[in-house]
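First the structure, in the form of structure tokens, and then the observations on it.
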Amino acid sequence: MSTRPGRTAVVAVCGAAVLAFLVRLPFVFVGLGMDEGGYAYVARRWAEGATPYRQAWLDRPQGLLLAYRGLLAVDGSGWTVRLGAALCGVVVTVALGACGRLLLGRRAAVAAAGTYAIVGVAPHLEGFTLNGELLASTAATVAVALALAWRSTGRVRWLVGAGLAAGAAVTMKQSGVDGGLACLAVVLVTGRGWPDRLRHTGILAGAALVPVAASVLHGWAVGLGAYWRALAGYQLAAAGPDRWHTFLASLPRSAMDLLVPVAVAAVGGYLLRRRRAELTVALAWLAAALVGAGLGGSWWPHYYVQLLPPLVLLAAAAIAQPRRGLLHGAVAVLPTLVWLLALVPMNQTQREHAIPYYRRTRVDERVAAAVRARTTPGQQIYALSSEANVYFLAHRDTTYPYLWGMPMAKIPSALPDLRTLLAGPHRPTLVLVYSPADRVDPSGRLGAVLAAHYRADGSVDGIPFLRATGR
């Protein structure tokens, strides 16, 4: 009889995992966003033999690319990418249930799992897309669960597993430091003395270094200088005072998915004020996730995805309360639940406007079909300047390394290299003008190059096509 409450909690967490998958399933077949398509393109190029960080350039670590390569190996058309995002939602749901159980008790396990199953969709933060933040957050949450399992049982293998998962989080995106720092907080609140804490910190750090070292060794093999510049160098060189302004500009959209969870998490934090160890772990995780989100610099909405697991864990302390717990839970999931339910009666056009990237992806699919009709597989294209998923959808390559606008704006040689390419003998056959040339290059020189070496070749959905001349 004493095991029945535990079994009930396990069943409830498993039910939450099923719910997490079901609410994400509709987004599997609505196409890929710009980042997802770009990652898929680079992963496919790597699988075909291109050298990453040189011929196939990306400013993300290898773990993300390996995840994409694995998903595309199942089916190369791309729908498995969003399936991967749904599976990440399931893993985080179960791992948060374990965190809740090990840190706060059975009721908190159910509360954490059930809340994340819905809140993790985070439509305004793009929580249903397979971005680097979601992959890093998945590994980080698993790491915290394993560290708490070590705290509960004392078995070192759980701590080793926590370190490996924490290191894997950093290989998904550089901001994935929150898992390791949260695990360190678990070690520090668990040790019986500093010698004990230092020994376990060494075990944790040693395990975390394994996946990180493997990534660095691969980076050394492809060219350590190119690897460093891609992952960190150009960002550090271009760091400026605009980060605060971009952070403030990101708040209105992000608040639509974060404001209510933050409020409920604040209640949970207050209720945990006398449980010092538990509160320290949860707040350390949240603080580390915020630091990780800030490492990206640009404060895109998906950066905030990493805040959701620690926020939900704190909120679970409020939702698990016998009194007003259900009310707190209902408040926490209400905004996302309303958004999900509102999609049901919508027609196709309305859904394309309501779901992030859906309408733009449909445009890109039509553009990609036109590209395939107007070029042969060996001909190069270029999408000006950030529509990275077109290369994946069209099955066409580009020799220009920078698929997104941000590196172009931060790397001094990027625009001159682009102008040289478009004026050179091996220039792309087609240029797809998603962004006006003068917006990308206010000097006007890019526009002059296009005028001199390209002619209009129609348009698709308002996207002008330019065809190379004189070849």
| Heavy-atom SASA rank of 352, 48 (probe 1.4 Å, accessible area, largest first) | 48, 352
| task | Taking the chain as the reference, fit the longest principal axis to its C-alpha atoms, fit the long axis of helix 325-343 to the helix C-alpha atoms, and give the angle between the two in degrees, 0 to 90, nearest 10. | result | 20
| field | residue 102 - accessible surface, heavy atoms, 1.4 Å probe, Å² rounded to 10 | value | 60
| query | If you plug each phi of region 53-63 into the Karplus form 6.51 cos²θ - 1.76 cosθ + 1.60 with θ = phi - 60°, what whole-Hz ³J(HN,Hα) values come out, in order, with x for Gly and Pro? | reply | 6, 10, 6, 10, 8, 7, 9, 10, x, 6, x
| field | Interchain or long-range residues, amide H under 5 Å from residue 454's placed H | value | 469
| Hz values of 3J(HN,Hα) by residue in region 450-455 - Karplus curve (6.51, -1.76, 1.60), Gly and Pro given as x | 5, 5, 7, 10, 9, 10
| task | Sort 285, 57, 300 from largest to smallest accessible area, using a 1.4 Å probe on the heavy atoms of the protein chains. | result | 300, 57, 285
| remark: Non-local residues with an amide H under 5 Å from the amide H of residue 460, with H modelled 1.01 Å from N and Pro and chain starts lacking one, are 465
| Taking 0.36 nm per residue of separation and subtracting the Cα-Cα distance, what length does fully extending residue 236 through residue 79 add? | 53.1 nm
| Summing Lys, Arg as +1 and Asp, Glu as -1, what charge do residues with Cβ under 12 Å from the Cβ of residue 351 carry, residue 351 excluded? | +1
| request: Post the alpha-carbon centroid distance, region 6-51 to region 127-165, in whole angstrom. | output: 18
| So what is the relative contact order for the chain, in percent, with contacts set as C-alpha pairs under 8 Å and at least six apart? | 17
| task | Would you mind checking which residues have amide H under 5 Å from residue 56's amide H? H placed 1.01 Å from N; only 5 or more apart, or other chain. | result | 51
| remark: Of all DSSP beta bridges having both residues in the chain, the percent classed as antiparallel (nearest 5) is 60
| Computed over region 364-443: relative contact order in percent, which uses C-alpha pairs under 8 Å that are six or more apart | 37
| Surface per residue (accessible, 1.4 Å probe) for the chain, Å² | 42
| Rounded to the nearest 10 Å², what accessible area does residue 29 show when all protein chains are kept and the probe is 1.4 Å? | 130
| field | Packing-based order for 436-443, 164-171, 228-235, using average beta carbon neighbours within 10 Å, highest first | value | 164-171, 228-235, 436-443
| field | R0 of 25 Å, Cβ-Cβ distance residue 205-residue 243: FRET efficiency to nearest 0.05 | value | 0.30
| task | Would you mind classifying region 372-471 by shape? Square roots of the alpha carbon gyration tensor eigenvalues, ordered a ≥ b ≥ c; an a/c under 1.5 is rounded, otherwise it is prolate if a/b is larger than b/c and oblate if not. | result | rounded
| note | Scalar couplings 3J(HN,Hα) for region 8-24 by Karplus 6.51 cos²θ - 1.76 cosθ + 1.60 (θ = phi - 60°), nearest whole Hz, x for Gly and Pro, are 4, 5, 4, 4, 5, 5, 5, x, 5, 5, 4, 4, 4, 5, 5, 6, 8
| field | Pair residue 467, residue 253: separation of 7 Å Cα→Cβ label points (nm) | value | 3.6
| Rounded, prolate or oblate: which fits the chain, taking a ≥ b ≥ c as square roots of the Cα gyration tensor eigenvalues, rounded meaning a/c under 1.5, else prolate when a/b beats b/c? | prolate
| field | Extension reserve of the residue 273-residue 198 stretch, reckoned as 0.36 nm per residue once the Cα distance is removed | value | 24.3 nm
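The values are calculated or read from the model by the stated rules, or taken from the named source; none is laboratory data. Bear in mind the structure is a predicted one, so any value in this text is a computation, not a measurement. Don't worry about glycine lacking a Cβ; one is built from the backbone with ideal geometry, like all the others, and counts go over all protein chains shown. Accessible surface areas use protein heavy atoms only, side chains included; no ligands, DNA or RNA. Shrake-Rupley method; radii C 1.70, N 1.55, O 1.52, S 1.80 Å.
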